[in-house]
Amino acid sequence: MSTIGILGGGQLGRMLALAGHPLGHSFVVLTPDAGAPAAPVAETIVAAYDDRAALEALAARCDVVTYEFENVPPVAVDVLRDLVPVRPGGLALEVASDRVREKTLFGELGIPTVPYAAVDAARDMDAAVRYAGLPAVLKTRRLGYDGKGQRVLRRSGDVDGAFTGLGAVPLILEGFVDFRRELSIVAVRGLDGATAFYPLVENRHEGGILRFTRAPAPNLEPEHQAKAEGYATALLEALDYVGVLALELFDDGVELLANEIAPRVHNSGHWTLEGAETSQFENHLRAITGAPLGSCRARGESAMINLIGDAPDPLAIQAVPGAHLHLYGKTPRPGRKLGHVTVTASDASTLDARVERL
Ligand code: AMP
């Protein structure tokens, strides 16, 4: 039984704490927002992430510290790491918070990606477009999430002004993938180096935000699961990683191209709450506390639907067999993730009917 510190008090922190209470763990969350989703289920320290005194207070209370978002300022890990184990470590954060470092690591590990080029100044744009081709996706190297900080360049007229349009900050230009579908794999590595992998799932995004996940991904090429596990293993080992990591992939019909990693529990793993033998949240906690990992086996067929912008009628959702409502305690706002529904069934056609109803 440990006291676990979490940097960030969003829904991921909330679901980590909810998964940890049955194991006897207690939680202290550092968040700048007193009304954060995790606040009702954890002690909170309300402070900025770079507040040294607050970080020291967190370390003094906890046996281990983890994080639930990748844009933790590096100073936070610098302060914490001398005082308390931080899992996953700072290297994973450094790599995952910069799209160019992430893609460079993919390349070093032999993990295929789209063609890409770093764009540090407006004058780099022409060479980047020549290399990556058009259409292409221009993204901020740092601090992008849910499709924010990116735009698609379709023709040469879109290139001028695009650098300043994204704030004249360091960018990456990626070739546009005409993908068949998006997949992701959630993997976990324990303190002893043991690894476990959830089945590949299929994700649908709209406007850059995840809307829907189907688990396991239907009609999977038999070699894809092994390939994705191989890529995830290489990343977990290169980063000397402890905890849950998600790898997002494009299936272009020929191969799996790595898009990005998330060094944390991930929205495409929420189905595991009811759809897998051990949830991603529990497995993350098991990993960072040095416990044996739990089975990642899927219990039948599952789907996850994000509730974005407004809250639907909770009774109508709970009336659907196999459906489970998870609300995050947030005030509705357009584009905001307010909760999700997981739904399970023993076979695909029953699941499809339930999803349709939802
Ligand atoms: P990201 O923030 O990189 O996960 O991008 C958000 C979403 O935008 C992805 O899930 C894709 O649906 C889409 N997207 C991102 N990069 C590309 C790309 N290079 N080609 C095509 N679609 C992309």
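Counting Cα-Cα pairs of the stretch 181-357 in 5 Å increments starting at 0 gives whole-percent bin shares of 1, 9, 17, 20, 20, 16, 10, 5, 1, 0.
Taking a probe of 1.4 Å, how large is the accessible area per residue of the stretch 115-175, in Å²? List each step's numbers first, then the result.
Numbers: 3290 Å² over 61 residues.
Accessible surface, normalised per residue, equals 54 Å².
All Cα-Cα distances of the stretch 3-86, cut into 10 Å bins from zero to the largest, leave 21, 58, 20, 0 percent in each bin in turn. Taking amide hydrogens as placed 1.01 Å from N in the peptide plane, the amide H of residue 26 sits under 5 Å from those of 2, 3, 4, each at least 5 positions away in sequence or on another chain.
What's the center-to-center distance, using Cα atoms, between the stretch 273-324 and the stretch 1-19 in Å? Rounded to whole Å, the Cα centres lie 15 Å apart. Calculated over the stretch 222-325, the projected area of the Cα convex hull averaged across directions stands at 8.6 nm². 3J(HN,Hα) couplings calculated from phi for the stretch 199-211 with the Karplus curve 6.51 cos²θ - 1.76 cosθ + 1.60 (θ = phi - 60°) are, in sequence order, x, 4, 10, 9, 10, 10, 10, 9, x, x, 9, 5, 10 Hz; Gly and Pro show x.
Taking all protein chains as shown and a probe of 1.4 angstrom, residue 44 keeps an accessible surface of around 50 Å².
Taken over the alpha carbons of the stretch 248-294 as equal point scatterers, the Debye sum produces base-10 log I(q)/I(0) values at 0.15, 0.29, 0.33 Å⁻¹ of -0.52, -1.00, -1.10. Write down Rg/Rh for the stretch 115-175, rounded to two decimals, with Rg from the C-alpha atoms and Rh from the Kirkwood relation over Cα pairs. Across the stretch 115-175, the Cα-based Rg/Rh ratio is 0.91.
For the chain, adding -39500 (n - 2.57) for each run of n ≥ 4 DSSP H residues and dividing by the number of residues yields -8000 deg cm²/dmol at 222 nm.
Here the 3J(HN,Hα) profile of the stretch 148-160, calculated from phi with Karplus coefficients 6.51, -1.76 and 1.60 at θ = phi - 60°, is 7, x, 8, 8, 8, 9, 9, 9, 4, x, 7, 6, 5 Hz, Gly and Pro shown as x.
Once you have the Kirkwood Rh of the chain from its Cα pairs, apply Stokes-Einstein at 10 °C and 1.306 mPa s and quote D in µm²/s. Each step should come with its number before you reach the end.
Values: Rh = 21.0 Å.
This corresponds to a translational diffusion coefficient of 76 µm²/s.
Across 85, 37, 218, mean-square fluctuation computed from a Gaussian network of the chain (C-alpha pairs under 10 Å connected) peaks at 218. Spread over its residues, the convex hull of the C-alpha atoms of the stretch 167-265 is 126 Å³ per residue.
Rounded to the nearest percent, how much of the accessible area of the chain (1.4 Å probe, protein heavy atoms only) is carbon and sulfur? Within the chain, the accessible surface is 50 percent carbon and sulfur. Annotation for residue 164 and residue 50: the two label points, set 7 Å from Cα along the Cα-Cβ direction, are 2.7 nm apart.
Which residues in the stretch 193-213 place their backbone N less than 11 Å from a point set 7 Å from the Cα of residue 152 along the Cα-to-Cβ direction? Of the residues in the stretch 193-213, 207-208 have backbone N under 11 Å from the label point off residue 152.
Shape verdict for the stretch 181-231, please, from the Cα gyration tensor: rounded (a/c under 1.5), prolate (a/b greater than b/c) or oblate. Don't skip to the end; give the middle numbers.
Working: a/c = 2.76, a/b = 1.58, b/c = 1.75.
Verdict is oblate for the stretch 181-231.
Placing a pseudo-label 7 Å from each Cα along the Cα-to-Cβ vector at residue 131 and residue 81 gives an inter-label distance of 2.8 nm.
The values are calculated or read from the model by the stated rules, or taken from the named source; none is laboratory data. Keep in mind the model is a prediction, meaning the values are calculated, not measured. Using ideal geometry, Cβ is built from the backbone for each residue, glycine included, and neighbour counts are taken over all protein chains shown. The protein model used for the area step is the full one, side chains on, heavy atoms only, and it has no ligands, DNA or RNA in it. Shrake-Rupley method; radii C 1.70, N 1.55, O 1.52, S 1.80 Å.
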